[in-house]
Ligand code: ARG
């Protein structure tokens, strides 16, 4: 028979079609451990308020322990008739301790404050897991940066050769972005660290229950300030979802480069066999599926965020059943990141860089033209003129199919009186890199400092 939490005022049970629509156990069952923890805290606060005798409390806690063991072992699962995780667990408790005792737990709480609290607990736990997995990717990037100190590569803007940079500098650029995502998770946690338990359906509890005590019992720093806000707000879900999407987007930018770099044309990297896949028809293929899936899944996480925000848009206060739609998108985001990130850090960690090719391509495509212009500026030439002169050097080279350093002293002199043979001193990758020695630049000394700073961040994490 259906065990409904709200049957009293109804003559009969819900239609099968409504029950099917209403049901959420297939996705909210994962909140069962948090629900049971919440029930323990609630039982204790009922006892403190004199609404549950010591004997009843003991019986209740024993029942919850037994229920938890059965949930964890899989012996207790939601039944066809259970609407949601809260309904199922109340049924489970009553089956274990009887209706009289089991029926006392619900006093002073609502599924509205329950679910808002449990969801925060769940996301706070997973924020730590996801943050750790992001740090593993950072660790892999920092490891590669450390193993390739001094290797130059073509730095690009618009995907065109721009200026030579150090490979380590490029890899660390991705690391800093991911470290900010980890920071975002931590900042989020400060805001999520408030318990709505005790908000009741929306107006708070009349039974003298102390929300602060429940909050501390459940590992929160505090209770929410407003019971309506506590039950109706889901910005904590949206913000978590944004950080998840941002993380996936940051990962996708690395992924896209790996896909390009692994092509025959680039040949910058070779993927380890254990992080690449073959083709069922083309025997030679070695595909960057980890990177492609990362790129694809970023779209999925952006969709999760967009769907969630759309659900929240214009919802009146306080709780509305629409809010049941808040869980699947963010569970999907969590599950996706938790399966993606380990594969991604493994892929990054095992990439082999073709350093000779990176180095030889670093100055090509006239990537040292800026160095000519800046050399001229150091000789006192106005930058506008210097830019023009360096551009004329490129124009001289391009039709002849040569690079800047192939120009003769006579060529330089013909292009501009300012171009004395000394300009050659900057026509090397080493010279170009070393000259960019302001803080945050690609000069080897700066990149070494940067690497040390990133390692400190990892060690502190
Ligand atoms: N399962 C619901 C949710 O996830 C919680 C139940 C609240 N239901 C209600 N009728 N007030 O949002």
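The values are calculated or read from the model by the stated rules, or taken from the named source; none is laboratory data. All values reported here derive from a predicted model rather than from experimental measurement. Note that each Cβ is placed from the backbone with ideal geometry, even for glycine, and that neighbours are counted across all protein chains shown.
The table that follows gives values for the structure above.
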{"read-out": "Filtered residue count, region 355-382, keeping only those that are surrounded by 17 or more Cβ atoms within 10 Å (Cβ to Cβ) and in contact with a helix residue (DSSP H, G or I) (Cβ under 9 Å, 6 or more places away or on another chain)", "value": "16"}
{"read-out": "Unique match (being farther than 19 Å from residue 218 by Cα and surrounded by 13 or more Cβ atoms within 10 Å (Cβ to Cβ)) among 83, 68", "value": "83"}
{"read-out": "1 or more residues within 16 Å of the ligand (Cβ to nearest atom): qualifying helices (runs of 4 or more DSSP H) within region 85-164", "value": "85-97, 111-147"}
{"read-out": "Selected residue (criterion: surrounded by the most Cβ atoms within 10 Å (Cβ to Cβ)) from residues of region 281-321 that are over 14 Å from residue 237 (Cα atoms) and within 16 Å of the ligand (Cβ to nearest atom)", "value": "319"}
{"read-out": "Test: residue 237 is within 14 Å of the chain's Cα centre (by Cα) and either surrounded by fewer than 21 Cβ atoms within 10 Å (Cβ to Cβ) or at pLDDT 95 or above (or both)", "value": "yes"}
{"read-out": "Top-ranked residue of region 390-415 - restricted to ones that are buried (at least 20 other Cβ atoms within 10 Å of the Cβ) and in contact (Cβ under 8 Å) with a residue 24 or more places away in the chain, ranked as nearest to residue 162 (Cα to Cα)", "value": "404"}
{"read-out": "Evaluation of residue 78 against (1) more than 27 Å from residue 191 (Cα to Cα); (2) within 15 Å of the ligand (Cβ to nearest atom); (3) in the same structural domain as residue 349 (by TED's automatic domain parsing) (one fails), failing number", "value": "(3)"}
{"read-out": "Helices (runs of 4 or more DSSP H) completely within region 350-461 that count 2 or more residues being touching a strand residue (DSSP E or B) at 6+ places or on another chain (Cβ under 7 Å) and farther than 30 Å from residue 187 by Cβ", "value": "355-361, 429-435"}
{"read-out": "Neighbours by Cβ (under 8 Å, 6+ apart or cross-chain): first from region 203-219, outside the structural domain of residue 33 (by TED's automatic domain parsing); second surrounded by fewer than 14 Cβ atoms within 10 Å (Cβ to Cβ)", "value": "208/50; 212/222; 215/221; 215/222"}
{"read-out": "Checking residue 332 against (1) outside any helix (DSSP H, G or I); (2) within 16 Å of the ligand (Cβ to nearest atom), the condition it does not meet", "value": "(1)"}
{"read-out": "Breaking point among (1) under 19 Å from residue 360 (Cβ atoms); (2) buried (at least 20 other Cβ atoms within 10 Å of the Cβ), for residue 175", "value": "(1)"}
